[in-house]
Amino acid sequence: MYSNELTLKSAPLEGEVRIPSGCAVSAIIDRGGRRMTGADIIASIATMHDRSNGLGGGFAGYGIYPDYKECYAFHLFYGDFQSKKATEDFLITHFEIVYSSEMKTRKIKKVANEPIIYRYFLSPLSKRLENSLLDEEQYVVRCVNKINAEIDGAFVFSSGKNMGIFKGVGFPEDIGRYYLLDEEYAGYSWTAHGRYPTNTPGWWGGAHPFGLLDYSVVHNGEISSYDANRRYIEMFGYKCTLQTDTEVITYVIDYLLRVKKLTLGEVAKVISASFWSTIGEKSDEERAQEEYLRKAFPSLLITGPFSIIFGFTGGLMALNDRLKLRSMVCAERGDRAYISSEECGIRAVAPDLDRIFSPAGGQPVVYTLREGADI
Amino acid sequence: MIIDADRDMHFSRLNAEVRNTADERVTINGCLGQRYIATGSSGKTITVNGTPGNALGAYLNGSTVIVNGNAQDATGDTMNGGTIVIHGNSGDATGYAMRGGKIYISGNTGYRAGIHIKAYKELHPVIVVGGRAGSFLGEYQAGGIIVVLGQNDDGLPIINNFCGTGMHGGVIYLRCDKLPHAIPDQVRAEDVRGDECEELCSIIDDFCGFFPEFDRDKLVSANFKKLTPDTDNPYKQLYTDN
C-alpha cells in the first residue's frame, strides 16, 4: 500500500473512508487549434458547482507549453523539502532539466494546506535512455512510477509533452484560479473535473485529472471492476498506488492505446463492451470485431457507473459505461466542441450551438484537431 | 412574476422566489442549470427560458411547467400531478417513478424514461416523446402510459436496447412498423393503428395542442407497437426455484 507524508497528513488513507457520490466533468476543444485561456473551462465547470463538495478539482490543458513542447513537463507535489531533494537527485541522473521552477499560484482563501508544487521541463539523458533498452516513453513512464512508488512525499501528477495537469483539494473554480489558468495559460483543449469523492478521502494527488505522459482522464462514477482491472494491468508493470478507480482507467487506456496500439473506437469496445445479447443483434462484421475484443481483453471490461473524458495530444474522447449510469452531453459550434456532465456546463460558455446530443452508453465521441491545425 | 436568473443565482434562492410568490404565473429567464425548479408545486404556471437543471418538477403536484429549451436529468421525478411541457429534449430518467400527471417532450428523451412509472386509482401518468427514446425505456414500468412518436431527424431508431425490461404494468406505444431491438420475453408486442385507438388519439391530440408544429393526422394514421406485460408469461423463477 502506498503511503507517505502526503497521504498521512490528510488523515485517513485512500480507500478507508466512504463519502456519497457526485462529480462533474467538462471539456472544450478548438478543432482549429486556436488556443484559449482556462477562463471558459473554469466557467463551464463552475456552473456544476453543486456536483462537487470541495474535496477535489482539477484541469488538463493541451498546447499550453509551446516554448517547451519537446520536453516532458513534470508537475510534482512534495510533502516536504527532503522529498524534493530526493526527487531532484533522481531526476538529474535520468533527465536533463531544461527548466524548473516553483509552480506559479495565486493565494485563494478557500484553497488551504497546499503541498509544495514544482514544475520541471525534462529531456531524457540519452546515455541513460540507451542503456535502459526502453523506448523513450516507456523510460519516462518507469521514472514516473519509480518516483511515485518509492520517494516518500513526492508525487508526479503530470508528465506529458506540451500539456499539463493542475489539480488540488477545493472546488474546481477555486483550483483553476489558484493555478492562474485564466491568465497564465492558453491551450487548444481543456478538460475539467469537480470532485465529490466516493471511496477516498480527497487529497491533492487524488484529485482528477489523472495523467500518464500526455494522456489524462477525468471521471465521474465508481467502477465495480476495480480489482479485476488492477490485477490484470499490474501484470504489465503499472503500479496502482492510489486505490482509486480513475488511476486504473488511465493505465487501462494507456495499455490498450499506446502499448497494444488499439484505436480509440476499439478501446471503447473493450472497456465499455456491449452486452452479449446486444452484440448478438449486430451485423456479422461488427459482431466479429466486438466478440474478438471482448475475448481478447475480458479483464479490462470496466463495469459500474462511469462517464469519462479522456484527453490526449490533439483530441478528446467522451465515453459512458455501457448502461449509461452517468450523464453526458456533447455539443458543437463551429470549430469548438464541448463535453459536459450537464447541458448547463456547455450553455454557460456557448449559448448558441450547431448541434447538441447525448451519446449512448458505450458510444465513444471523439473530437480531434482538424487536419493542418498547428499546435 | 418574472425572475431574471443568471449563472450566479443559486437554485435555493431561485426556488424560494418561485415558491414564495403569490403570482400564479412565473417566468424564469436565463435559467442555467438550477436544480429542483417547481418541486412539489401546485396551482402555478411556471415558464422556464433556458436550461433548467436536474429534477425539474420533482414531486410536482398540479402546476404546469413549460420549458423553452432542453431539460436535463430526472425531470418529473416522482411527480404526483400537473403537466410538464418541454420544447426540446429531456435527459436521462425523465418521469422517474412518476405516479400522476403528464410530461410532453417535443424532441428526444435520454436513457430510462419512465423507469418505475406507476398508476394508482384515478392517477394515470402519461409521458409523450415526439422524437426517440434511449435505452431502458419503461424499465420496471408498473402502470401509466408511455408514447414515443419517432419524429426525430437524426436517423436513429425510435428506441434503443432493453426497452420494457422488468415491465409489469401499464403500456408503451411506439410509432413504428417493426421493433428495432428485441424486447424481453415477459413483454408482449401487439400491432395497433393509431386512428383506431381512442386512448392514443386523445393523447396525441393533447400533445399536438402543445406542439402545433406536429401534424396530428399524420401522427395517428400510422402503425404502433403496443407493449404490455405478457400475462401468459409472467416473471417467475427468475432468481429462485419456487
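For the reader, a short list of remarks on this structure follows.
- Cross-linked pairs A:Lys110/A:Lys239; B:Lys44/B:Lys218; A:Lys146/A:Lys260; A:Lys295/B:Lys178: Cα-Cα separations exceed 26 Å for A:Lys110/A:Lys239; B:Lys44/B:Lys218; A:Lys295/B:Lys178.
- Relative contact order for chain B, counting Cα pairs under 8 Å that sit 6 or more residues apart, in percent: 10 percent
- For segment A:259-351, the dipole from Cβ point charges (+1 on Lys and Arg, -1 on Asp and Glu) about the Cα centre works out to 260 debye, to the nearest 20.
- Whole-Å distance, taken between Cα centres, linking segment A:169-219 and segment A:30-95: 7 Å
- Taking A:Ala86, A:Ala24, A:Ala268 in turn, the Gaussian network model of chain A (Cα-Cα springs below 10 Å) assigns the largest fluctuation to A:Ala86.
- Segment A:210-277: C-alpha gyration tensor shape, a/c 1.5 cut-off, then a/b vs b/c: rounded
- Cβ-based exposure ranking for A:Trp203, A:Trp276, in which fewest neighbours within 10 Å come first: A:Trp276, A:Trp203
- Degrees between helix B:11-20 axis and first principal axis of chain B (Cα, 0 to 90, nearest 10): 80 degrees
- Alpha carbon Rg of the protein assembly as shown, scaled by the compact-globule rule 2.2 N^0.38 Å: 1.02
- Separation of alpha-carbon centers, segment B:62-114 and segment A:256-328, rounded to whole Å: 30 Å
- For the protein assembly as shown, the Cβ-based charge dipole about the Cα centre amounts to some 860 debye (Lys, Arg positive; Asp, Glu negative; other atoms uncharged).
- Of A:Arg258, A:Arg142, the sequence from fewest to most neighbouring Cβ atoms within 10 angstrom is A:Arg142, A:Arg258.
- Shape class of chain B from the alpha-carbon gyration tensor: prolate, with a/c at 1.5 or above and a/b greater than b/c.
- Anisotropy class of segment B:66-194 from Cα gyration tensor, a/c 1.5 cut: oblate
- Residues A:Thr37, A:Thr263 in ascending order of nearby Cβ atoms (within 10 Å, fewest first): A:Thr263, A:Thr37.
- Trypsin sites (Lys or Arg not before Pro) restricted to DSSP loop in segment A:277-347 with at most 14 other C-beta within 10 Å: A:Lys282
- When segment B:2-229 is described by a simple charge dipole with +1 on each Lys and Arg Cβ and -1 on each Asp and Glu Cβ, the residue from B:Leu219, B:Ala189, B:Gly100 located farthest towards its positive end is B:Gly100.
- C-alpha long axis of helix B:198-210 to longest principal axis of chain B, angle in °: 30 degrees
No lab work stands behind these numbers, since they all come straight from the coordinates. It should be emphasised that the depicted structure is a prediction, and the values quoted were computed from it without experimental measurement. All Cβ positions, glycine included, derive from the backbone under ideal geometry; neighbour counts span all protein chains shown.
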